[in-house]
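Asks: I'd like to ask you about the structure that follows.
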């Protein structure tokens, strides 16, 4: 059973209610603080009225009236409460209020099953407006109002998360520049993501906002961009972080077994089913289910996923209903689904390869990860971080004669000029091979270049055996080969034309400069 957590401002009327119970001299002290006369019977005040009718396991009081008065008010309530004294120059300024409230909400440990509650009555109308906006979006909450001794829960007939936020998050990233305000290391759950470029900050900012909402998230990105790492970060930045996430790679499981892996099966439901088995959805109850490579599911499985992800009426967006293979009854589970793919699902929908209704169900919030070529500022620090881990792992395995490796500055420049089609995975694999094969303790450009050329999956066309006909054009092919070696030389030369010309066997750097201009390859002018 979760806790009910109340967060409320302390307003004029609350302090008037407290002061009305005091002797005249003490009453005047309160009147001086709130700059208002205290006469008649103001009633119990909004906060006390709520606490007299409703029970909360945690109470947080926000006040801009000073620590002494706020502490006095907490004592007067005769309930255990945490006080938060803040400074507001203008208590009707929505921006100031948001800047004060958001850090407080981020600091409170809200767990699965807890009920967050905001009190709308105390304070200014701007304070109430901020509670409504946050309570219907980033921090789903119950909203309470009071009037004298009457208390009621307010229902707001819209949900920013499901009605408004999905459309906003499909708008261009320029509308969300504020998400890039922090580095990953400053955000709980995302500390393991290395980098500080605007591209990675934007991705982390969107993912962190998505983490707070109990809605499905779709992570898009090229192979090797770190989709699984982001999925785990979203989980550990969410209220579900106290339970272990469940991972299913849809592409790694055969089609006829995937249904059982996801939904479970009953004993005897198919050959080899010798006992009942729980599926991923049931195992992830109260936690997060990460569906990697979801774009590889066939249409039949997509239909079953859609059914499971469609919440019943009046249920939350994470209520999943599914039926194990061979079972006669459905199972209901509270599962937050994070899916990922490197496919263009929009094009897959157009081709009839992916269900449009499932795409919309999975992509309530979409997070797109940047490829490594768009993170040039991150590459050096990312490479160093990966190499530290490689050094640690190789020493743990007690590799004979292995010595820690480091990266020279010219190697970092070399890596920044390479486009890394395999992204972070390719960078990690290249560093591992270079670390194992390098003769010294410092990795040089030729170590990385050799590792890149030898990586599995690298496309090295056999030029002499290219199929002829069917559009083959020898001049175009030769031009392609010519451009390939020029780009490679420029990378290995760190962008220096003179050095690249020597690598290519050219007598004069001007010859290479002219070819770089013709091919449209950027370079640094260098006559040394």
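The values are calculated or read from the model by the stated rules, or taken from the named source; none is laboratory data. What you are looking at is a predicted structure, and each value in this text was computed from that prediction instead of being measured. All Cβ positions, glycine included, derive from the backbone under ideal geometry; neighbour counts span all protein chains shown.
Asks: Does the stretch 176-189 include one or more residues that are touching a helix residue (DSSP H, G or I) at 6+ places or on another chain (Cβ under 6 Å), on the phi > 0 side of the Ramachandran plot and modelled with pLDDT under 85?
Replies: For the stretch 176-189, residues touching a helix residue (DSSP H, G or I) at 6+ places or on another chain (Cβ under 6 Å), on the phi > 0 side of the Ramachandran plot and modelled with pLDDT under 85: present.
Asks: Does residue 146 count as surrounded by 17 or more Cβ atoms within 10 Å (Cβ to Cβ), outside any loop (DSSP other than H, G, I, E, B) and modelled with pLDDT of 85 or more?
Replies: Considered against the rule, which asks whether it is surrounded by 17 or more Cβ atoms within 10 Å (Cβ to Cβ), outside any loop (DSSP other than H, G, I, E, B) and modelled with pLDDT of 85 or more, residue 146 comes out as yes.
Asks: For residue 80, state whether it is over 31 Å from the mean Cα position of the chain (by Cα), closer than 30 Å to residue 189 by Cβ and not in a helix (DSSP H, G or I).
Replies: So residue 80 passes the test.
Conditions (1) in the same structural domain as residue 228 (by TED's automatic domain parsing); (2) more than 17 Å from residue 250 (Cα to Cα); (3) surrounded by fewer than 15 Cβ atoms within 10 Å (Cβ to Cβ), marked per residue:
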position	(1), (2), (3)
285	yes, yes, no
292	yes, no, no
296	yes, no, no
300	yes, no, yes
312	yes, yes, yes
326	yes, yes, no
340	yes, no, no
346	yes, yes, yes
380	no, yes, no
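Asks: Among 378, 389, which is modelled with pLDDT of 90 or more and under 19 Å from residue 221 (Cβ atoms)?
Replies: 378
Asks: Out of curiosity, is residue 74 buried (at least 18 other Cβ atoms within 10 Å of the Cβ), in contact with a strand residue (DSSP E or B) (Cβ under 6 Å, 6 or more places away or on another chain) and either in the same structural domain as residue 30 (by TED's automatic domain parsing) or part of a loop (DSSP other than H, G, I, E, B) (or both)?
Replies: Against the criterion (buried (at least 18 other Cβ atoms within 10 Å of the Cβ), in contact with a strand residue (DSSP E or B) (Cβ under 6 Å, 6 or more places away or on another chain) and either in the same structural domain as residue 30 (by TED's automatic domain parsing) or part of a loop (DSSP other than H, G, I, E, B) (or both)), residue 74 qualifies.
Asks: Kindly list, by first and then second residue, each pair from a residue in the stretch 343-370 that is at positive phi to a residue that is at pLDDT 90 or above, limited to pairs with Cβ atoms under 9 Å and residues at least 6 apart or on different chains.
Replies: Close Cβ pairs (under 9 Å, with a partner that is at pLDDT 90 or above) amount to 352/299.
Asks: Moving on. Within the stretch 368-377, identify whether any single residue is more than 19 Å from the chain's Cα centre (by Cα) and not in a helix (DSSP H, G or I), and answer yes or no.
Replies: no
Asks: Continuing with the same structure: Would you check which residues across the stretch 42-54 are in contact with a strand residue (DSSP E or B) (Cβ under 7 Å, 6 or more places away or on another chain) and not in a helix (DSSP H, G or I) and list them?
Replies: Within the stretch 42-54, just 54 meets the criteria.
Asks: In the stretch 294-332, which residues are closer than 18 Å to residue 235 by Cβ and in a loop (DSSP other than H, G, I, E, B)?
Replies: 316, 317, 318
Asks: Condition check: at pLDDT below 90, at negative phi and within 29 Å of the chain's Cα centre (by Cα). Does residue 141 satisfy that?
Replies: Taking the combined requirement at face value, the residue satisfies it.
Asks: Let me ask something else about it. Tally up the residues in the stretch 6-41 that are in contact (Cβ under 8 Å) with a residue 60 or more places away in the chain and either out of contact with any strand residue (DSSP E or B) (no Cβ under 7 Å at 6 or more places or on another chain) or surrounded by fewer than 22 Cβ atoms within 10 Å (Cβ to Cβ) (or both), please.
Replies: Looking only at that region, the number is 3.
Asks: I would also like to ask the following. Test residue 109 against the stated conditions and say whether it is under 29 Å from residue 236 (Cβ atoms), free of Cβ contacts under 8 Å to residues at least 24 places away in the same chain and in a loop (DSSP other than H, G, I, E, B).
Replies: It is true that residue 109 is under 29 Å from residue 236 (Cβ atoms), free of Cβ contacts under 8 Å to residues at least 24 places away in the same chain and in a loop (DSSP other than H, G, I, E, B).
Asks: Then there is this: Criterion first (more than 22 Å from residue 145 (Cβ to Cβ), assigned to a loop (DSSP other than H, G, I, E, B) and at pLDDT below 90) does residue 68 satisfy it?
Replies: no
Asks: Still on this model: Among the residues of the stretch 425-460, which ones are assigned to a loop (DSSP other than H, G, I, E, B) and either more than 25 Å from residue 225 (Cα to Cα) or modelled with pLDDT of 80 or more (or both)?
Replies: 438, 439, 440, 441, 444 - these are the residues of the stretch 425-460 that are assigned to a loop (DSSP other than H, G, I, E, B) and either more than 25 Å from residue 225 (Cα to Cα) or modelled with pLDDT of 80 or more (or both).
Asks: Among the residues of the stretch 273-293, write down those that are assigned to a loop (DSSP other than H, G, I, E, B) and in contact with a helix residue (DSSP H, G or I) (Cβ under 6 Å, 6 or more places away or on another chain).
Replies: 279
Asks: Still on this structure, I have one more. Answer with yes or no whether residue 270 is in a helix (DSSP H, G or I) and either closer than 21 Å to residue 328 by Cβ or in contact (Cβ under 8 Å) with a residue 60 or more places away in the chain (or both).
Replies: The answer is no for residue 270.
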